[in-house]
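Quick notes on the structure that follows.
The values are calculated or read from the model by the stated rules, or taken from the named source; none is laboratory data. Small disclaimer: the values here were computed from a predicted structure and weren't measured. As a convention, Cβ positions derive from the backbone with ideal geometry for all residues, glycine included, and neighbour counts pool all protein chains shown.
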Amino acid sequence: MQLHPHTSRRGTGRLAGLTAALAAVVGLSTLTGPGAHAADNPYERGPAPTESSIEALRGPYAVSQTSVSRLSATGFGGGTIYYPTTTADGTFGAVAISPGYTALESSISWLGPRLASQGFVVFTIDTNTTLDQPGSRGDQLLAALDYLTQRSSVRNRVDSSRLGVMGHSMGGGGSLEAAKTRPSLQAAIPLTPWNLDKTWPELRTPTLIFGADGDSIAPVSSHAEPFYTNLPSSLDRAYLELNNATHFTPNSSDTTIAKYSVSWLKRFIDNDTRYEQFLCPLPRPSLTIEESRGNCPHTS
């Protein structure tokens, strides 16, 4: 994982120097509350992460939620928006999440509050029909992001330049489709994905793919692995194969999925290098990880 940082808007000149000096005098750099983030990265949100903080069921932010009815949605089937309650930290990056074939929003709803509590606005959606194919699900993820940033009641809480997509099964295939259509997306996370298209040389979005060793519906040998292998070799990319897992493991609360999803979204949507430590070196095989691959230049 080469982990190329996004361009940040940094202060320059005397004002920046005075600000840094003032921070040193009053000890602002030692703050650890949700509102404390480094002056050189205006997108950092929340305290410095630890292994336990990214594995926790809830992060440092209190979370509220609001429902979006199917009738008010355009281009997707409605859903639920989860967002940090505070307005003290300014705007947040956002991610839309699609369920899989025949599934409803409820199948991926656990990710909503878990990711939002780490400092994201999260939109778990229903699709127009449960039988929609990956291409359609990709379009619906983008329609959901457009609704979130332009029409939703929380649009003022979202930084529209820092968006990502996730999805399970055909929704995971849809997240690849969305990233292909909209290269400006900052992160994509397909969960045990399914798609007839196996090659993704067009993708420019940092992509983390989860496979499952016991997946008989989207076997890793014909889906997750070739998806990863056929991403551009220069792309920030990673593949984690879950151990003792099935196609439906992402439908229930899962610490491994949450831990690495939070780290990936933080690293690439928030440009937060504090989370790089959890991505590189790549995780070794364990009770929950069968194998991992990625572009980490310093992997042992």
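Brief remarks on what is shown
- Elements of type strands (runs of 3 or more DSSP E) contained in the stretch 20-102, each with 3 or more residues being modelled with pLDDT of 95 or more and surrounded by fewer than 17 Cβ atoms within 10 Å (Cβ to Cβ): 63-68
- Between L196, L148, L142, the distinction of being closer than 20 Å to S69 by Cβ, modelled with pLDDT of 95 or more and surrounded by fewer than 23 Cβ atoms within 10 Å (Cβ to Cβ) belongs to L142 only.
- Residues in the stretch 235-257 that are among the aliphatic types (A, V, I, L, M), under 14 Å from the mean Cα position of the chain (by Cα) and not in a strand (DSSP E or B): I257 only.
- Top-ranked residue in the stretch 258-300 [being of a type in the set (G, A, S) and over 25 Å from S184 (Cβ atoms); ranked as farthest from the chain's Cα centre (by Cα)]: S300
- Inter-residue pairs, beta-carbon under 7 Å, first touching a residue at least 40 places away in the same chain (Cβ under 8 Å) and under 17 Å from G77 (Cα atoms) and in the stretch 141-163, second of a type in the set (S, T, Y) and surrounded by 18 or more Cβ atoms within 10 Å (Cβ to Cβ), 6+ apart: L141/S98; L141/S175
- Single residue of P201, P190 found to be in contact (Cβ under 8 Å) with a residue 12 or more places away in the chain and in contact with a strand residue (DSSP E or B) (Cβ under 7 Å, 6 or more places away or on another chain): P190
- Any hit, the stretch 145-160, residues being among the polar types (S, T, N, Q), in a strand (DSSP E or B) and in contact with a strand residue (DSSP E or B) (Cβ under 9 Å, 6 or more places away or on another chain): yes
- One residue from N295, N251, N271 being closer than 27 Å to L163 by Cβ, surrounded by 15 or more Cβ atoms within 10 Å (Cβ to Cβ) and modelled with pLDDT under 95: N295
- When we screen I189, I209 for residues that are among the β-branched types (V, I, T) and farther than 20 Å from N271 by Cβ, the only hit is I209.
- Of the residues in the stretch 168-182, none is among the β-branched types (V, I, T) and closer than 22 Å to V68 by Cα.
- Flag for I257 being touching a helix residue (DSSP H, G or I) at 6+ places or on another chain (Cβ under 7 Å) and not aromatic (F, W, Y): yes
- Screening A218 against (1) surrounded by fewer than 19 Cβ atoms within 10 Å (Cβ to Cβ); (2) in a loop (DSSP other than H, G, I, E, B) leaves a single unmet condition, (1).
- Count of the stretch 62-102 residues which are closer than 23 Å to I189 by Cα and under 20 Å from the mean Cα position of the chain (by Cα): 20
- Qualifying positions in the stretch 131-145 - among the hydrophobic types (A, V, I, L, M, F, W, C) and over 14 Å from G164 (Cα atoms): L131
- Any chance D197 is in a loop (DSSP other than H, G, I, E, B), of a type in the set (D, E, K, R) and more than 20 Å from R293 (Cα to Cα): yes
- Unmet requirement for A258, which otherwise passes all of (1) buried (at least 23 other Cβ atoms within 10 Å of the Cβ); (2) under 24 Å from L142 (Cα atoms); (3) among the aliphatic types (A, V, I, L, M): (1)
- Within the stretch 258-300, the set of residues being more than 14 Å from A238 (Cα to Cα), outside any helix (DSSP H, G or I) and touching a Phe, Trp or Tyr at 6+ places or on another chain (Cβ under 8 Å) comprises D270, N271, D272.
- Under the condition of being part of a loop (DSSP other than H, G, I, E, B) and surrounded by fewer than 24 Cβ atoms within 10 Å (Cβ to Cβ), the residues counted in the stretch 221-234 number 6.
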